[in-house]
1. Which condition does A:N98 not pass, out of (1) surrounded by fewer than 21 Cβ atoms within 10 Å (Cβ to Cβ); (2) in contact with a Lys or Arg (Cβ under 6 Å, 6 or more places away or on another chain); (3) within 19 Å of B:R154 (Cα to Cα); (4) of a type in the set (S, T, N, Q), if it passes all the others?
2. On the basis of being free of Cβ contacts under 8 Å to residues at least 12 places away in the same chain, of a type outside the set (F, W, Y) and within 14 Å of chain A (Cβ to nearest Cβ), does B:A160 make the cut?
3. If only one of B:E202, B:E185 is at pLDDT 90 or above and either of a type in the set (D, E) or touching a Pro at 6+ places or on another chain (Cβ under 6 Å) (or both), which one is it?
4. With segment A:33-144 as the region, which strands (runs of 3 or more DSSP E) entirely inside it contain at least 3 residues that are modelled with pLDDT of 90 or more and within 14 Å of another protein chain (Cβ to nearest Cβ)?
5. Any residue in segment B:35-52 that is surrounded by 19 or more Cβ atoms within 10 Å (Cβ to Cβ) and farther than 18 Å from B:I214 by Cβ?
6. Only one of (1) within 14 Å of chain B (Cβ to nearest Cβ); (2) in a helix (DSSP H, G or I); (3) touching a residue at least 24 places away in the same chain (Cβ under 8 Å) fails for A:T171. Which number is that?
7. Specify which of the listed residues (A:A173, A:A212, A:A257, A:A263) is under 16 Å from the mean Cα position of the chain (by Cα) and either under 29 Å from A:G81 (Cβ atoms) or at pLDDT below 90 (or both).
8. (1) free of Cβ contacts under 8 Å to residues at least 40 places away in the same chain; (2) more than 26 Å from A:L147 (Cα to Cα): which one isn't true of A:A24, the others all being true?
Amino acid sequence: MARLILEGVSRTFPGVRGGPPTRALEPTSLSVADNDFICLLGPSGCGKSTLLRIVAGLDAPTTGRVVLDGAAVGGPGADRGMVFQSYTLFPWLTVEQNIRFGLREKGVPAAAQARIAADYVARVGLEGFERHYPRMLSGGMQQRTALARALANDPKILLLDEPFGALDNQTRALMQELLLGIWETDRKTVLFVTHDIDEAIFMANRVAVMTARPGRIKRELTIDLPHPRHYTLKTSPAFSAYKAQLTEEIRVESIRALEMTRAL
Amino acid sequence: MRPLVPVTTAARILLGVAFFVLFLAAWALATLGGYVNRTFLADPLTMAVAGWRLLVVYGFARDIAVTIWRVVGGFVLAAVIGVPLGIAMGAWKPVEAFFEPFVSFARYLPASGFIPLLILWAGIGETQKLLVIFIGSFFQLVLMVAVTVGSTRRDLVEAAYTLGARSGGIVRRVLLPSSAPTIAESLRLVLGWAWTYVIVAELIGASSGIGHMITDSQALLDTGQIIFGIVVIGVIGLASDYLFKTLNQRLFPWSLATA
């Protein structure tokens, strides 16, 4: 059953100082099934983050609508948890308090808040850092906290906007395994935005390839690799076959994006 | 010396004290060495003696207490009204659109220029002193707080929204805590300005306070007492500033700015 449906969602930003309006996103439709892990893959500036922000309710579509569990999305809400590319932990709260933020907002009793927070602290491997402030943590640890903070709220769908984009390669690989491990246990519905082909294939059940700006989904590819996935999968022939396909698709769009900037 | 390389705590204290010593030495040399007419500038020893007599014989401690009371009173009044108004302006744009133009205009009105008017309205009592300080600090404070709250990181606000926060939660649990250290810093600055306004208020039409003592001493050509009065203000200012800084560091251990 479809959990999240995007119906002809488009976004046009008004022109700056009398300039022409910018079409960031062509009318886009997408259906996300329960327990799906979908990666939106596209070159930078293709509108994939805009699409995710619209699903989160942080931006409004110019046309079309987003439907979550049968109800149209009107604004941001706790039913759509989000992890951002930038570090968005509240700097005045400790790791534990950050994870409890959404629960406190919902009015969950303090004892339950503490229990849930402790559970997620353990799951993202941050035991011993509960009382640390964000500025004392590395980038990877901050994003792990952000992930725990989003998951602790038990959202219907988890939205991730290049959450590991600012991390170094090794940390990023470990974070991918961590998130995949959590997904394999919980089967939380996930919409993941990335420009990293390896990341998309490794994590997703389905990859939606986006065109250069103005973006739209030009191809959906089912990734038929078994779970649980191990990091050695990244060097398997099946993985390489997917990678060859997607590299070709993305390359065409990247070249188009480059030519568009030249034309300007 | 390489740029931006920090110094050790010991070196910092030593260097800071060294300038005070140097300053005192230059002053002593200029006055005790006879380079400056003693009618116009008292030497450090005369000042110390004058200060001692002020405190012991003339009950100067009461004047100091009165002045501190006025500063704190006017400052607290400005803070109690100004901080909430600034927060409201920073958080809600229609409120800002309503007040901001007037507050921006009012902050350029010189507080000291209001003194004759305030004497007409409120006499030369305590109300007039408090009002001078209030006018001098209130409008500045409102604008600083409004700018601080209004410049809260948008990504933190968005993160709070995706965690289920609503308008009230955004103000209470994001805008306020994220602005608190900078607001405290603004209060520290404004308290410093309040000290200049109180002296101006006391120079004109007062019967007590440090400023009043300074005008009286001018009539007596007692530069020792004048300088002592100024030094007392400096010392109290330094002490309150230090207290404020320490308090801010205690209250906001997470903030880099106060670390």
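1. (1)
2. For B:A160, the condition - free of Cβ contacts under 8 Å to residues at least 12 places away in the same chain, of a type outside the set (F, W, Y) and within 14 Å of chain A (Cβ to nearest Cβ) - is not met.
3. B:E185
4. Ranges flagged: A:80-83.
5. yes
6. Going through (1) within 14 Å of chain B (Cβ to nearest Cβ); (2) in a helix (DSSP H, G or I); (3) touching a residue at least 24 places away in the same chain (Cβ under 8 Å) one by one, A:T171 breaks only (1).
7. One residue alone meets the criteria, A:A173.
8. For A:A24, the exception is condition (1).
The values are calculated or read from the model by the stated rules, or taken from the named source; none is laboratory data. If you're wondering where the values come from, they're calculated on a predicted model, not measured in any experiment. Cβ coordinates were reconstructed from backbone atoms using ideal geometry, including for glycine residues, and neighbour counts include every protein chain displayed.
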